[in-house]
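Asker: Got a structure for you, questions after.
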Amino acid sequence: MGTWDIGPFDNDTAADWTGALDDASADARRDLVLAALTRAAETTGFLDSEIGEEAVAAAALVAAQCPGGDPVDSAYGPRQPVPDLTGLRAPALRALDRVLTEESELLELWAESDSASWKAAMDRLRAALTPRPAADRPTPG
């Protein structure tokens, strides 16, 4: 696993995936994000770590556009503009849920190392992607 930190873009697979995202036409970028999320969410059986790493990176791009989401400030994140992805919250949540199941190679790999920090990062992603009830949203002032 070519991983150097716990961030969603801190591995070779995610860095390569964001490079492909940058190389795609502006019109195709949303579809590439959705494809990465769908591929993970719809995988039955054992989920390969590379599919999981792409899904985590895609989910991070969606979360970055949601209230409370961390900005994508990694040198390995996309350099080209990313379209509005806020409509992909549900697929991003499904993909993260799939990555965090027992039949996930990525989950197994992190269980062998710094799983608490990685799990906390995944929890922050999930929190940003989870829509808040209207009563919890700040009112414009």
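Readers should treat all values here as calculations from the given coordinates under stated rules, not as data from a laboratory. Source: prediction; values computed, not measured. Glycine also receives a Cβ, built like all others from the backbone with ideal geometry; neighbour counts cover every protein chain displayed.
Asker: Looking only at segment 47-69, which residues are assigned to a loop (DSSP other than H, G, I, E, B) and closer than 16 Å to Ala14 by Cα?
Answerer: Asp48, the sole residue that qualifies.
Asker: Surrounded by fewer than 20 Cβ atoms within 10 Å (Cβ to Cβ), of a type in the set (Val, Ile, Thr) and in contact with a helix residue (DSSP H, G or I) (Cβ under 8 Å, 6 or more places away or on another chain) - does that describe any residue in segment 90-101?
Answerer: There is at least one residue in segment 90-101 that is surrounded by fewer than 20 Cβ atoms within 10 Å (Cβ to Cβ), of a type in the set (Val, Ile, Thr) and in contact with a helix residue (DSSP H, G or I) (Cβ under 8 Å, 6 or more places away or on another chain).
Condition check ((1) without any contact (Cβ under 8 Å) to a residue 24 or more places away in the chain; (2) in a helix (DSSP H, G or I); (3) touching an Asp or Glu at 6+ places or on another chain (Cβ under 7 Å); (4) not acidic (Asp, Glu)) across all residues:
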site	(1), (2), (3), (4)
Gly45	no, no, yes, yes
Pro71	yes, no, no, yes
Leu93	no, yes, no, yes
Glu102	yes, no, no, no
Ser113	yes, no, no, yes
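Here is a yes/no grid of residues against (1) under 12 Å from the mean Cα position of the chain (by Cα); (2) of a type in the set (Lys, Arg); (3) crowded, with 19+ Cβ neighbours inside 10 Å:
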{"position": "Asp23", "(1), (2), (3)": "no, no, no"}
{"position": "Asp27", "(1), (2), (3)": "no, no, no"}
{"position": "Leu37", "(1), (2), (3)": "yes, no, yes"}
{"position": "Ala55", "(1), (2), (3)": "yes, no, yes"}
{"position": "Asp70", "(1), (2), (3)": "yes, no, no"}
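Asker: Another one. Kindly list the number of the only condition in (1) crowded, with 17+ Cβ neighbours inside 10 Å; (2) in contact (Cβ under 8 Å) with a residue 60 or more places away in the chain that fails for Ala41.
Answerer: All conditions are met except number (2).
Asker: Is segment 1-9 home to any residue that is without any contact (Cβ under 8 Å) to a residue 40 or more places away in the chain and assigned to a helix (DSSP H, G or I)?
Answerer: Looking for residues that are without any contact (Cβ under 8 Å) to a residue 40 or more places away in the chain and assigned to a helix (DSSP H, G or I), one finds none in segment 1-9, hence no.
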